[in-house]
Amino acid sequence: MDVTVHHTATQNESAYFKHDRLDHTKPSIRLVHMLPSLSPTGHIQCSITHATVDAEYICLSYRWGNPDPSSSILINGKVFAIGQNLFDFLATARENHASSTPASLGPYWIDAMCIDQSNVFERNHQVRQMGTIYTNALQVYVWLGMMDWDCRALVPVLWKHNTMNEWTTFKDNKDMFIQRVLHNDYWTRAWIVQEVALARQVTLWLGAASIGLSSMVQGLDYICYADKEMQSRLIFRLGRSWQKEFYKNKNLVHLLDYFRGQQCSDVRDHIFSLLSLVTGDGRDLEVNYHISRAELAAEVLRHCQGSLCFCTALLVVQTLELESTDFLSVKPDRRLLPCIEFCIENISKSSAFLPGTELPEKWPGGFSFSDTCESVTFPARLDQYLTYWIHDGTVKQPTLQEDNVVFRPAEGWENIYIVRISLPFLATMITRSVDVCVHAKSGSVRGALPAGYPRICYASDHMEQPGTAKPPSQWDSR
């Protein structure tokens, strides 16, 4: 989840709300009901009950935002602190209900209120069934936050699908409308992808006004009809019905690549927030907030073995920000470091480039990565690094990073080398984003080297010799 909001109990601990334990043997959830009236002290009042995902409820999708400042509400008569953005929604929904504007008092499923964020075991349980929670909801409310102008005048224009000419009436509000809706920080969140994609029905809330997501997108089409960059934004991608076809037969790495720009405060949520959408490799990955980022990276790459490449490994380690971990600075037990291992061929000037063909006169020599990854930038960087350690056909082991890179000739194979790189060190080798290559996207056959296929292992594992790698035909289908 995004950011945990904490309260500080000072004198009377019993005055603060604490969650009762959920029954984790079934798909249990908590649901929030808002009371129509404020408390005698002026607080918004809610009750919370236990249910299952089969109940009738509305899900709220919103941006947690900065935990400070926080606001207090009452849950079951006791104080509970929530972020300002969530408080604004509750206040708006209650006021709309009181003024007979269509708005519900619940029941709601709201992650910050319905999950005990301090209980990691419960977070694992609830996030594992997040896809079901949003799929089963009667509808999903998307809260874009409070507006400093009244956008209700624009809603009928969007809903009626008016022509571009009729938008001239609202040209003074057009730029602000784009800024508040299209560029809203809500669309940057990682979690909202599945929350919107899995919903039966989505209603956007702009302050006190509401509109269906599909109607909003149709209206935005009139504003941005000639702006391809605008039309590529997430609100368009999630708001068009045909987009649901995109998620069919997609593995975790593909979705991670597609939504790599989304943001979250816990980088592990880049992975966990997409699991409910995965239909291919990676769909069996377990939600586990107990494991480290490096361990999670290894688990993701193992579950997506069919698309494992330098580029996909880089995508995962960069997403999980392994370059910022303390693996390389505090020197933990390096035997436990997860690594990527592969075989490559050193093509010297005297080697044949093709059967019966000599290499060009100016061929500088170097390693062939064509059997392992077709990404251009990273193999070039790795080639430069490894070539530095070859002298007269022998390998001089790197000494400064000896536990992060292991590099040795393969026994019984001429010009074939086995390379093992720790995933944290891999994250430091290139910092800019690398495009996922053809091998990973299309599953093209890699047949030149008998052990060229990368694998995920640990630093303490024995190095695999050429000829022992699993061939493509035995991999899981892509």
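Miscellaneous remarks
- Ascending count of other beta-carbon atoms within 10 Å, so fewest first, for 323, 374: 323, 374
- Pairs over the 32 Å Cα-Cα cut-off, from the set 26/78; 228/248; 26/248; 26/441: 26/441.
- 308, 206 arranged by Cβ crowding within 10 Å, fewest neighbours leading: 206, 308
We did not get these values from a lab; they are worked out from the coordinates using the rules stated. All values derive from a computational prediction rather than experimental measurement. Heads up, the Cβs are rebuilt from the backbone with ideal geometry, glycines too, and the neighbour counts pull from every protein chain shown.
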